[in-house]
Amino acid sequence: IGDYDKNAKVNPPLRGEADRAAVIAGLADGTLDCIATDHAPHHADEKNVEFDLAANGISGFESAFTLCHTALVASGALTLPALIEKMSLAPARILSTQLGTLSPGAAADIVVLDPGASCVIDPDTFYSKGKNSPFRGYAGKGRVVHTLLGGRFVVRDGALAV
């Protein structure tokens, strides 16, 4: 967490390089079968206090794909199809839902990705109420272009569809 960056204050706390490498190895060998965010947005007032009093959590939903794609696919640890499965189909299967597939009759919840796009994470552009992220300024690879929920655009060309 560097210089007590409250935007990196989470529970359980962030771990060191050995733990990060173990998580990547576990994702690659199937020991870990899914990736999820614990999207925990907080108002700036909940983070702009002394470190011990700052709320735990990161606004992770809007940066999750870029961060995972960069760390896992661009690095060669996972293939893009494996990442997509670990972020969609596997969590749906674990939760025993019919989500996460493009099967006939399934909900048309679809994300269109541009894995080749460069992306700089800027929490000020998040639609979430929380702008707390330790990844401000991080240059990654891959971004979400469109999101459809029930077959209707909710994000089009990276912007909320209204």
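Evaluation of Gly151 against the conditions (1) open to solvent by 30 Å² or more (accessible area, probe 1.4 Å); (2) in contact with a helix residue (DSSP H, G or I) (Cβ under 8 Å, 6 or more places away or on another chain) shows that the sole unmet condition is (2). On the given criteria, is Val144 farther than 15 Å from Asn7 by Cα, open to solvent by 40 Å² or more (accessible area, probe 1.4 Å) and touching a Leu at 6+ places or on another chain (Cβ under 9 Å)? Criteria met by Val144. Across the stretch 25-53, the qualifying residues are those that are open to solvent by less than 20 Å² (accessible area, probe 1.4 Å) and at pLDDT 95 or above, and the one among them that is nearest to Asp122 (Cα to Cα) is Leu27. Scanning the stretch 84-122 for residues that are touching a residue at least 12 places away in the same chain (Cβ under 8 Å) and in a loop (DSSP other than H, G, I, E, B) turns up Gly100, Thr101, Ala107, Ala108, Asp109, Ile121, Asp122. Of all residues in the stretch 37-76, those that are acidic (Asp, Glu), without any contact (Cβ under 8 Å) to a residue 60 or more places away in the chain and not in a helix (DSSP H, G or I) total 2. Considering only residues in the stretch 60-76 that are among the aliphatic types (A, V, I, L, M) and closer than 21 Å to Asp38 by Cβ, the one that is surrounded by the fewest Cβ atoms within 10 Å (Cβ to Cβ) turns out to be Ala64. Summed over the stretch 7-24, the residues that are within 20 Å of Lys129 (Cβ to Cβ) and open to solvent by 60 Å² or more (accessible area, probe 1.4 Å) give a count of 1.
The values are calculated or read from the model by the stated rules, or taken from the named source; none is laboratory data. Keep in mind that this is a model prediction, so the values were computed, not measured. All Cβ positions, glycine included, derive from the backbone under ideal geometry; neighbour counts span all protein chains shown. Areas reflect the complete protein model, heavy atoms only, side chains present, ligands, DNA and RNA absent. Shrake-Rupley method; radii C 1.70, N 1.55, O 1.52, S 1.80 Å.
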